[in-house]
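Data block below; observations after.
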Amino acid sequence: MDGNVENPCAASGSQAGYVLSNVAEVVERILTFVPTKSLLRTACVCRLWRNCARRVLRTQQRVAWVSATGCGSGKGHVLHRKLAEEMENMYLLPQTVLLMADCETISGQDCCYGQKKVRKTDSSELALELNALFPRGCEILGMATSGVVLTPNGRYSSPPQEHQDGEAGFALMFPGMDGVTLRPFHFCKRSLSQTALEEAGLVGNPDLRVVLLFEYEAFKSRAARFLNKVLEPLAQSNALIAGGHVENVFTPSRECCGRGCYGMTGLALSGSRIQGASVLLDQDVVSEKSAEATLQRLKAANIPERNTLGFMFACLGRGHNYYGGKRNVEADAFRKVFPNTPLFGFFGNGEIGCDRIVTGSYTLSQTDTESLQHSYTTVMVLVHLG
């Protein structure tokens, strides 16, 4: 369509042309069926359509995701190829993207010990390609992990899957949401300070409800002390803290801390509408039955299932090897207890979290930093976005 045309349908002289040029209610209803990329182009047609498009975008407040598995013969990671296809038909305008992919396929600095000889995707190239896929201003947190937990594209009730080997990944996309503030953050040894914590909303923020944090290069000298500097103020807050150690972070840019340095990225979620709960599956959980029993404690938190996401942060020593060769035990247990909640996460070299509930009427007890850090465990999390 010509962006210089003020009345796109008036020339026809038809009744339909008049309606599409003047009746906002009809135009707005029609635009609800238009994917976001096309909607943004449509907004350039005329003032009426621009205003209608803006109102439609404000109604698209539900989280969406794209996930992909398998190994294609083409260039690039399977998730990137899937995103390129799906973004043309996406019905939301993402402002923040949480993306995780297997480190066996994504090459990066010191990424994934004992890598197999498989097709590689350069992490810096992938970061540039991802930035080109998403709208300008969209903030992307991209991580390479030892294994990926994802829910296939489709309905919220699709069965989640654990992928400890092979090519896999997901992109969880958050639009602007009323009553919810998402602040991505990234710290390294040079940028971490009290001021930086405050600017990220992690300190001095009474509306903080949930923090998802991911440390990289955690085996480096002084990385443990670095993590404690972030966890100490958070442990004393009334917020749910969960995450773990990932292999590599390829976006945002890590130029500030240099190659091979440790650091942390994550999301701070603030807002009175947010609720959350988490439980720890410790080393005593060794069977399907005990995993389900632990998740029943999470169910008892009474977090609403609508508009809720599940997260699973597991030790790479768990999974099918931990459960005697049986795959997908913990993801299946989650789906049995929460059949309509999608699940996302990773397998890593350490887990962060504990048993916590964050609701409007619940006061949390204080927790020290050591009780938030674990190994050979799984942290299961629910985050309700209102």
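Values for this structure:
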read-out: Flag for Leu197 being in contact with a helix residue (DSSP H, G or I) (Cβ under 8 Å, 6 or more places away or on another chain), modelled with pLDDT of 90 or more and surrounded by fewer than 23 Cβ atoms within 10 Å (Cβ to Cβ); value: yes
read-out: Pairs with Cβ under 7 Å, 6+ apart, first in region 247-270 and farther than 17 Å from Glu139 by Cα and of a type in the set (A, V, I, L, M), second modelled with pLDDT of 65 or more and in a strand (DSSP E or B); value: none
read-out: Index of the failed condition, Glu129 passing every other in (1) among the acidic types (Asp, Glu); (2) in contact with a helix residue (DSSP H, G or I) (Cβ under 9 Å, 6 or more places away or on another chain); (3) at pLDDT 90 or above; value: (3)
read-out: Residue within region 340-360 that is at pLDDT below 90 and hydroxyl-bearing (Ser, Thr, Tyr) present; value: yes
read-out: Enumeration of residues in region 283-309 that are closer than 19 Å to Leu343 by Cα, in contact with a helix residue (DSSP H, G or I) (Cβ under 6 Å, 6 or more places away or on another chain) and buried (at least 19 other Cβ atoms within 10 Å of the Cβ); value: Ala291, Leu295
read-out: Residue match in region 86-95 (condition: modelled with pLDDT of 80 or more, within 24 Å of Tyr216 (Cβ to Cβ) and either in a strand (DSSP E or B) or of a type in the set (Ser, Thr, Tyr) (or both)); value: yes
read-out: Condition met for Ala300 (under 23 Å from the mean Cα position of the chain (by Cα), of a type in the set (A, V, I, L, M) and closer than 19 Å to Val358 by Cβ); value: no
read-out: When residues of region 361-386 are limited to those that are touching a helix residue (DSSP H, G or I) at 6+ places or on another chain (Cβ under 8 Å) and at pLDDT 85 or above, the one surrounded by the fewest Cβ atoms within 10 Å (Cβ to Cβ); value: Gln373
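The values are calculated or read from the model by the stated rules, or taken from the named source; none is laboratory data. All values reported here derive from a predicted model rather than from experimental measurement. Don't worry about glycine lacking a Cβ; one is built from the backbone with ideal geometry, like all the others, and counts go over all protein chains shown.
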